[in-house]
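Participant: Just passing along the structure, written as structure tokens.
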């Protein structure tokens, strides 16, 4: 009798185990997503040198301004040769000032224009000190297009030193718009 009970329990255990394994196979499945590739694009911001768009530096302006004066407009063309839109940041670099001159005495204004002379963004105004930290310039430049900017420089009317000067580079940086 004990053997029959043991045999019955064993048979039931085998049947339950088979049912469990069969149910697991029935309720599960798997597939593979293969050949995955992630690529990065390239960002290519260029500046007009008067004859063509180039990657390298382009000579800016040299102008003598008296206190309280503003320079003539310098027109700068930037080309986004990338396949993505770029946000633009302007930064004054390599600022060299003579004794007694202060970067807060010089203001740089950057105004975006389109081909028709319409301002598609806002004029960004800052002292050289502010521009050294970098300021955003709107609008973003769409992929494969260019943007024109008018740049002026003003000297504060409070500057009293004769024949003093400040030199600086102005760096435009394009960053992919997410």
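Participant: Can you find a residue in segment 121-132 that is out of contact with any helix residue (DSSP H, G or I) (no Cβ under 9 Å at 6 or more places or on another chain), in a loop (DSSP other than H, G, I, E, B) and touching a residue at least 24 places away in the same chain (Cβ under 8 Å)?
Facilitator: no
Participant: Please go through segment 68-97 and pick out each residue that is outside any strand (DSSP E or B) and within 18 Å of residue 143 (Cβ to Cβ).
Facilitator: Scanning segment 68-97 gives 81, 82, 83, 84, 85.
Participant: Identify, by number, the condition in (1) surrounded by fewer than 11 Cβ atoms within 10 Å (Cβ to Cβ); (2) at pLDDT below 90 that residue 51 doesn't meet.
Facilitator: It fails just one condition, (2).
Participant: Name the residue, out of 151, 159, that is in contact with a helix residue (DSSP H, G or I) (Cβ under 7 Å, 6 or more places away or on another chain) and either in a strand (DSSP E or B) or touching a residue at least 60 places away in the same chain (Cβ under 8 Å) (or both).
Facilitator: Only one candidate passes the filter, namely 159.
Participant: A further question on this structure: Working only within segment 154-176, note down all residues that are over 19 Å from residue 73 (Cα atoms) and modelled with pLDDT of 90 or more.
Facilitator: Residues satisfying the conditions are 173, 174, 175, 176.
The values are calculated or read from the model by the stated rules, or taken from the named source; none is laboratory data. The structure presented is a predicted model; accordingly, all values stated were derived computationally and were not measured. Don't worry about glycine lacking a Cβ; one is built from the backbone with ideal geometry, like all the others, and counts go over all protein chains shown.
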